[in-house]
Amino acid sequence: MKFTKELLPGNTKVIRAYAPGRINVNDTLLSRSFILTPTLLLEDWSPQRLDDITLETLQAALALEPEILIIGTGATLQFPDAQITADIQRRGIGLEVLDTAAACRTYNVLVSENRNVAAALLMI
């Protein structure tokens, strides 16, 4: 699925295209899990499946203090451990858990609204 270009500052990180197993962020083709914000791309995020996601593996995203954290769980919607959800909520961070395709679309919408968003996206 291709996404249309938005009128955002030139250095803003947006998702240009999604297909199972690959995502284009600006001009970078990614095939492994990653963390993304409007200003930062952290490639090769270690979790490769939902069970690998822990508070420790999410620290890179949480340290950025996003207003909203999106977790893309791969081809199907799955939910992380309830303790992870509770800890993120205690920090005052909104959490959206979506399949990765929906997470890509949601991320782009929030970026276009100039929201402080981080996305942690699994590629499975």
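Shape annotation for the chain: C-alpha extents along the principal axes are 37, 27, 20 Å, from largest to smallest. Only one residue of Gln78, Val25, Ile88 has its Cα farthest out toward the positive end of the dipole of the range 15-121, where Lys and Arg carry +1 and Asp and Glu -1 on Cβ, and that residue is Val25.
For the range 15-121, a simple Cβ point-charge model (Lys and Arg +1, Asp and Glu -1, everything else neutral) yields a dipole of about 240 debye relative to the Cα centre. Neighbours of Arg32, meaning other residues whose beta-carbon lies under 13 angstrom from its beta-carbon, give a summed charge of -1 when Lys and Arg score +1 and Asp and Glu score -1.
Positive contributions from Lys and Arg (+1) and negative ones from Asp and Glu (-1), summed over other residues with Cβ under 13 Å from the Cβ of Ser46, come out at -3.
Write out the GluC sites (Glu not before Pro) in the range 30-84 meeting two conditions: DSSP loop, and at most 15 other Cβ atoms within 10 Å of their Cβ.
Listed in order of number, the matching sites are Glu43, Glu67.
Read the figures in this text as sums done on the coordinates, not as results from a lab. These figures come from a predicted structure and were not determined experimentally. As a convention, Cβ positions derive from the backbone with ideal geometry for all residues, glycine included, and neighbour counts pool all protein chains shown.
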